Structures are given as C-alpha cells and as structure tokens.
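The values are calculated or read from the model by the stated rules, or taken from the named source; none is laboratory data. What you see is a predicted model, and the numbers here were worked out from it, not measured in a lab. All Cβ positions, even for glycine, are placed from backbone atoms using ideal geometry, and neighbour counts span all protein chains on display. For the accessible areas, the whole protein counts, side chains as well, though only heavy atoms, and no ligand, DNA or RNA atoms are used. Shrake-Rupley method; radii C 1.70, N 1.55, O 1.52, S 1.80 Å.
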Amino acid sequence: MIHINEEVARCLLCENAPCCDKVARAIRALRFDNLWTARELFSEITDAEIEAAENACIHYDRPIRIAELKRSLPSEPAVCDQKALPSLEINFCDIVCENPFFLASSAICTNYDMVARALEAGWAGVFYKTICKQDIREVSPRFDAVRKEGTPFVGFRNMEQLSENPHTVDFDILRRLKQNYPSKVIIASIMGQTEEEWIELAKMAEDAGCDAVELNFSCPQMRLTGLGSDIGQNPELVMFYTSYVRNAVSIPVIPKMTPNIMSMTNPALACFYAGAHGISAINTIKSITMSKDAEVSQKKTVSGYSGKAVKPIALRMIYEITGTPLLQRAGVEKHMDVSGIGGIETWRDALDFIQLGCRNVQVCTAVMEYGYRIVDDLILGLKHYMQERGITDLKTLVGEELKNVVLPADLDRDTMVFPKVDRNKCIGCGRCYISCRDGGHQAIEFDEERKPHIVGQRCVGCHLCKLVCPTGAISAAKRMPKTR
C-alpha cells in the first residue's frame, strides 16, 4: 500500500489534465483533504480509465500510481448523501455570505476578469486588492518560496504593495462586479495617507456599491513611513482612522490588522471602541529570506511572509481577539465579527479558524499556488464534515473550541500518554530512535530486527517519535497517572 499524502503531493495538478477530468478531480480532492468526494469519484472510475490516466500522466519522474491510490483509500468516512449536504450560508457584519470562503486582498484579485472568474468558481466574495491614491511601483522579482524536503511552499515571501491601478479604475471594477454578481460579497480594501484620503476612499467604496470597506493597517512593505503596519502597530492611530471612516460611511468598516506586534489585544480594543463592525487578521509577517530568488538587484529586504508556516501564529492572534478574557469582558466578540487569514489551504485549516471564532476566512497563498479551483474542496470538505457531525448551521462551529484553549499553567501535568508502536506498519527506518536519542530522552531501543522498543522508565510521553515516524506506525496509548 502506498502513502496517500506523499503520492498525491507528487501530482502536478495540471491545467486541463490529460489524465481525464474525473481522475484529476479525485486526486485534487485527496490533495486538499476532501476524502468524501475522492471516494465517491474513485468509485465511478473504471480500471480501464485508470490505466489510460496513468499512461497520460504528465510527470517529472514517474506517473502517479492512480490504481494504488484507489486501493489505498481508507474505508472511512462513508460516502455521504450529496443531496442532503448542509448550507454554508453565514452572516458576516450583517452581510449574508453563501459560504465562508473569500479571496484575500492581494495579487489574486487585481482586476475584473480575475475576480469574476473566482466568483463563478464558487468563492463567496472578495476583499479586493488595496486601493490607494499613491503611485505604486513594484519590484522584480517580488516572490520567493521557502521549501522543505521537496514539499510545495511551506512559506511564501511576497513583496507586492497595493493596487497599481488608478483608484478610479479600481472603484469602477468594484461597481461592475457588484452589478454583475449581486449575490456575491464585494469588499473594498483601502489605504490612505491622511484622514481626508481615508474618508474619500471609503466614500468612493460606498458609492461603488461595495458591501463593506476594509482598512489596511497592516501591509508590511510600504515604501513610505506612516502607512500599513506602521498604523496597525499603534492602537491610537487604529482608533483614530477607524472612527473617522466609521463616521463617514454607512457600510460596515473592517480594519485589517498586522501580526507584527507583541499582542493583538490593544489594537483589537481600539477597533472595538472606534465602532468597527469587524476585524481581519492577520496580514503577512515581516521577514527576510536569503535565497537568490529573494534578491532585487543583488539586494535583500524585509517583506511579508505567508503560507502554511504562518497558520499557528495567525490562530494565536485570532484567539487574542476572540478568546482573551479582557476582550470577552468588553463584549468584543459580540459586536465585531472576525475574518481569519493566514496559511489556509484546506477545509480543515478553515475549520480551525472558524472554531476559534471567525465567521469567514480569506485565502491568498494557496490560490497563488493552486488556483481558484481549490474552493470546490473547501466547500465540499466543510459540508461533508458538518453532515458527518449532524450540524446544519455553520454558525454552530463558530468559536466552539474557545473553551478548550487554556493557559499553560492550567494544563494537566499529573498524567501522561505513552506512545505505542504498530509493528505491522513499522518499516524499520529508525527515525524514531534517532530523534529520541539525539532530541529526546533516550527512551527507544532499536533491536537487531530494526524494530523500536519503548523504554517506559525513561519515556516522558513527549511524542517526538510519533511526529517523525514516516509511516504512522506510532500512536498514542491511554492517558494514565504519572508514577514519578
């Protein structure tokens, strides 16, 4: 049996895939953790179609082993009733959204045709690329990827700033988008240099028919000081500009916050007291990548970091908005809806943000790598998950995990969980032994048959061995009281 995740990661996810639409769609469903759809599609694909697909596969070393993928699919979850899948409709800032999946303000939404194509693919709406009145001049190259052991983007460096279009052109694009896609949610992201500019741009967004306006207090690579993350790092400026825009327009106002601060609590409180309807978090993280691909004329600079690597940081900052006792006492979560951003590729990533209190999520880097088509598996994966749990309303999931987030001092330190080894799955590579010997507590012995043995007297239940095992042969036993 093959390792499903490793095999589907080898698929190039080709455009107009020659292997055939059904096979390509099934593999893509597996790649984005949508096992329900993959099982259903593979059940309809014949052996002859699989053989033809393997022969047609575009590859860099060998064709994807599609027949083995089909045989390796786990028996669970069962195929669900497609007709009974629940709706993903949810309200965000009193705006009805057909699902929680939005394009984040970035390079993935810079003109009419791009956004229209995304909306037709199934995205609920767009936070359009930030509009300003400045003369934006970008650098080349402007992107860089951080990889590990042949994986796709672990992290992504982005040097882009704001929209290069004249602001009047962008607002005309937004006007046409809202006219032609009235059921979709069109949100203008703006950035001004002065109080007057913020108000002027916000009013132009309202006049264009936008459903809301996002205030970019977070771009990490602006050429001029006093813009982007310079504002988001200063709660007084956050409150100042938010309140001015809030008093100037009647549509919802949503500040977009920077992660380049120690804590999100004070800026979030500033948004709340300024009357913001919602908050977007997080934008990219200030960073430096050192590869040649990161250079502009042999120079390096600080710029924004995104992708899967930033997801844990984003979740921590979401929790600081939705779960911090100070903000809960102030009633922030009752008056400001949260839009989550940061490392979202699959429906499970989105679920993590929703369970910490977000009512929608924004996606950027994953679209840049895989295209708008990933929304299919975001939608179907989340719908199948809800159906499996018997949940019919997406808002039931909003914030449901907040109660399980505690301080380190509140964690159980009187019990432990030993690892256990499935010898049928173990292939004898010794990775667990090496990691425990050199990075753990020397609690694994490696015998002549190349099989690991847990030394209970030394094991502290850290589970480093479980994390490094390439075959999933190590799992958790029952939790029990510590004996020492």
- Acute angle (nearest 10 degrees) that the helix 112-121 long axis makes with the longest principal axis of the chain, alpha-carbon atoms: 40 degrees
- Give me the accessible area of Lys300, 1.4 Å probe, in Å² rounded to the nearest 10. 80 Å²
- Highest mean packing first, using Cβ neighbours within 10 angstrom, the peptides 440-447, 408-415 sort as 440-447, 408-415
- Note on the structure: With the 8 Å Cα cutoff and a minimum separation of six or more residues, the range 255-339 has a relative contact order in percent of 39 percent
- Task: Could you state how much accessible area Ile282 has, in square angstrom rounded to the nearest 10, with a 1.4 Å probe and all protein chains kept in place?
- Result: 0 Å²
- Item | Mean ellipticity per residue at 222 nm, deg cm²/dmol - from DSSP H runs of n ≥ 4 across the chain, formula -39500 (n - 2.57) | -10500 deg cm²/dmol
- Note on the structure: In whole angstrom, the spacing between the Cα centers of the range 308-372 and the range 89-166 equals 16 Å
- Task: For the chain, find the longest principal axis of its Cα atoms and tell me its angle to the long axis of helix 35-44, 0 to 90°, nearest 10.
- Result: 70 degrees
- Task: Write down the percent of antiparallel bridges among all DSSP beta bridges whose residues are both part of the chain, to the nearest 5.
- Result: 50 percent
- Task: Give the Cα extents of the chain along the principal axes, in whole Å, largest first.
- Result: 75, 60, 54
- Can you spot the lysines whose alpha carbon is less than 19 Å from Lys299's alpha carbon? Ignore those fewer than 8 places along the same chain. Lys286
- Which angle from 0 to 90°, rounded to the nearest 10, does the C-alpha axis of helix 167-180 make with the longest principal axis of the chain? 70 degrees
- Which entries in Lys395/Lys482; Lys70/Lys466; Lys129/Lys403; Lys292/Lys425 show an alpha-carbon gap greater than 30 Å? Lys395/Lys482; Lys129/Lys403; Lys292/Lys425
- Over the chain, what percent of the accessible surface lies on carbon and sulfur atoms, probe 1.4 Å? 51 percent
- Query: For the range 75-223, with the dipole built from +1 on Lys and Arg beta-carbon atoms and -1 on Asp and Glu ones, taken about the Cα centre, which of Pro141, Thr194, Leu103 lies farthest toward the positive end?
  - Reply: Pro141
- Task: Using a 1.4 angstrom probe, figure out how much accessible area the chain has per residue, in square angstrom, rounded to the nearest whole.
- Result: 47 Å²
